[in-house]
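Each remark here refers to the structure printed beneath this line.
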Amino acid sequence: MERKAGGGILSRFRKRLPLHRAGPPQDNVGEVVKEPERALEHYLPNFAGGQHFFEYLLVVSLKKKHSGEEYEPTIIYQFPKRENLLRGQQEEEERLLGAIPLFCFPDGNERAPLTECPRETFSFVLTNVDGSRKIGYCRRLLPAGRGPRLPRVYCIISCIGCFGLFSKILDEVEKRHQISMAIIYPFMQGLREATFPAPGKTVTLKSFIPDSGTEFISLTRPLDSHLEHVDFRSLMRCLNFEQILQIFASAVLERRIIFLAEGLSTLSQCIHATAALLYPFSWAHTYIPVVPESLLGTVCCPTPFMVGVQMRFRQEVLDSPMEEVLLVNLCEGTFLMSVGDEKDILPPKLQDDILESLGQGIKESRTSEQINEHVSRPFVQFFVKTVGHYASYIKWEANGQGRFQERAFYKALTSKANRRFVKKFVKTQLFSLFIQEAEKSKNPPADYFQKKILEYEEQKKQKRPKEKTVK
């Protein structure tokens, strides 16, 4: 499970990379500008609103190793700088900040000064030993200048999954980067002091830009927040609906899935989109949207994983000893390896329902929000039809503790195909973690999934009288 694997990833990088906690990066990196000291804060991974936007802004660049001509990624700026930490807090920070540079530059030996560098927006996820996750939102670009230059990555570390919002923040960082490094940091300090908005709400930041004056920047969260962390468009450009359905089926049974692509943006967007198809369930195993070269051994793990690998490492992946893996080539829209039964995992009737729903009206979906809703809806409906009755099969004891009645739950399904699938699905970590949360409270959360369950139950009630009339 990733709760252990993720912590292992952070531990592996401890004290591995040099760390420069300086002020804003200048042409002379040795120049230090101190940031005001701030107390260490702990952010809980709920996104109801009221918490801070981010924990760190890091700038990562490349520096030559002492041993030769190769470059290694190095943090050249950290905001805020943390001081007077307890020993445990300091060790956790060192593990985190030691891991981040390689995820900002996962390219391995391809690191070098460039005259041109495609602007890339991507993200990665780090998991600590306690299971908590931190997301790195990255924008990689070349600093202004002439001749070969070293690319630079602006990386915002947050425990909040809201990719659209952070992409807009990175747009603002990039706009300031083109004018002057110095004006990025007042903007980020204002953002750090702002409160993360609740769903449907807006926070407005005031920021001064030379020659432009004071600007007001509005950051709005979608009212329906269950899809704010994802954009399905990249996945749809790379694969057809049948392939997406087979990947979903593999993920539902917690298999090993590897995505190959050239661009970091494509990799991170497609892997996040795949994980989002599992809503209301959460992938709890190894999850690395862009695997650094030094972690390519992850693809040999016997446990479930969902990872993205750059195409330049394709041969290394194919030469690795792997068992029962789905290897997806996003550049060509093909499966390079598969188990072979991906089309048979889901009930046939429900597969047809998903494909029919995906094909209907997709051309009318214009905005990313409309596309997200269109793609997500049939997968949510799949879970509504197969496991949406779960709350009726939690038996409550006098002490308020719930006990899930597994056998009665799947036997309640009248369709044999649905029942066969659910008997397998209830054994997954996806379902187990979901039910563990459900057993804690008699009142199901008033979220999007519960809303769709209630709508489905109402539709069935309205359908029954008509069926009796026909008889």
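The values are calculated or read from the model by the stated rules, or taken from the named source; none is laboratory data. Source: prediction; values computed, not measured. For neighbour counting, all protein chains shown are included, and Cβ atoms are generated from backbone atoms with ideal geometry for every residue, glycine included. Accessible surface areas use protein heavy atoms only, side chains included; no ligands, DNA or RNA. Shrake-Rupley method; radii C 1.70, N 1.55, O 1.52, S 1.80 Å.
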- Message: Using +1 at the C-beta of Lys and Arg and -1 at the C-beta of Asp and Glu, which of 154, 198, 170 has the Cα lying farthest in the positive direction of the dipole of the stretch 136-260?
- Response: 154
- Query: Given +1 on the Cβ of Lys and Arg, -1 on the Cβ of Asp and Glu, and no further charges, what dipole in debye does the chain carry about its Cα centre, rounded to the nearest 20?
  - Reply: 1480 debye
- Overall Cα dimensions of the stretch 363-457, principal axis frame, Å, largest first: 51, 30, 26
- Cα atoms only, the stretch 232-350: Rg and Dmax in Å? 13.1, 43
- Message: Take residue 316 and residue 443, extend 7 Å from each Cα along the Cα→Cβ direction, and tell me the distance between the two endpoints in nm.
- Response: 5.2 nm
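Quick check: convex hull over the Cα atoms of the stretch 56-195, volume per residue in Å³, rounded to an integer?
138 Å³
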- Which log10 I(q)/I(0) values, to two decimals, does the stretch 406-445 give at q = 0.21, 0.27 Å⁻¹ under the Debye formula with one point per Cα? -0.71, -0.93
- Message: Using only the alpha carbons of the stretch 342-407, what is the convex hull's orientation-averaged projected area in square nanometres?
- Response: 6.8 nm²
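Taking the Cα centre of the stretch 114-266 as the origin, how large is its charge dipole in debye, to the nearest 20, when only Lys and Arg (+1) and Asp and Glu (-1) carry charge on their Cβ atoms?
Numbers: 19 positive and 15 negative charges, 59 e Å.
Once rounded to the nearest 20, the dipole reads 280 debye.
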- Query: Which of 321, 51, 210 sits closest to the plus end of the dipole of the chain, meaning its Cα is farthest towards the positive end, when Lys and Arg get +1 and Asp and Glu get -1 on the C-beta?
  - Reply: 51
- Query: So how tilted is helix 348-359 from the main axis of the chain? Cα-based, degrees 0 to 90, rounded to 10.
  - Reply: 50 degrees
- Query: Taking every DSSP beta bridge that has both residues in the stretch 232-350, what percent is antiparallel when rounded to the nearest 5?
  - Reply: 20 percent
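Defining a contact as two alpha carbons under 8 Å apart and six or more residues distant in sequence, what relative contact order in percent does the chain show? It would help to have the intermediate numbers written out before the result.
On the way: 796 pairs, mean separation 61.8, N = 471.
Averaging sequence separation for qualifying contacts and normalising by length gives 13 percent for the chain.
Treating only the Cβ of Lys, Arg, Asp and Glu as charged (+1, +1, -1, -1), what charge dipole size does the stretch 56-195 show about its Cα centre? Round to the nearest 20 debye.
Here the size comes out at about 340 debye.
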- Note on the structure: Of the residues 368, 453, 414, the Cα lying farthest along the dipole of the stretch 363-457 towards its positive end, which is defined by charges on the beta carbon of Lys, Arg, Asp and Glu, belongs to 414
- Message: What number comes out for accessible area per residue over the chain if the probe is 1.4 Å? Units Å², please.
- Response: 48 Å²
- Computed over the stretch 168-221, Cα set: Rg, Dmax in Å: 11.3, 34
- Alpha carbon centre of the stretch 199-278 versus the stretch 103-171: separation in Å? 15 Å
- Item | Percent carbon-and-sulfur accessible area, the chain, ignoring ligands, DNA and RNA, probe 1.4 Å | 48 percent
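Eigenvalues of the Cα gyration tensor times 5, then square-rooted: what semi-axes does that give for the stretch 153-247, in whole angstrom, largest first? Before the final figure, lay out each step's value.
Numbers: eigenvalues 188, 56, 25 Å².
Its equivalent ellipsoid spans semi-axes of 31, 17, 11 Å.
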- Give me the distance between the Cα centres of the stretch 414-429 and the stretch 355-381, rounded to whole Å. 25 Å
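Please compute one quarter of the surface area of the Cα convex hull for the chain and express it in square nanometres. List each step's numbers first, then the result.
Details: hull surface 105.2 nm².
So the Cα hull casts an average projection of 26.3 nm².
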- Message: Suppose a student asked you for the relative contact order of the stretch 354-471, using Cα pairs under 8 Å spaced at least 6 residues apart; what percent would you report?
- Response: 23 percent
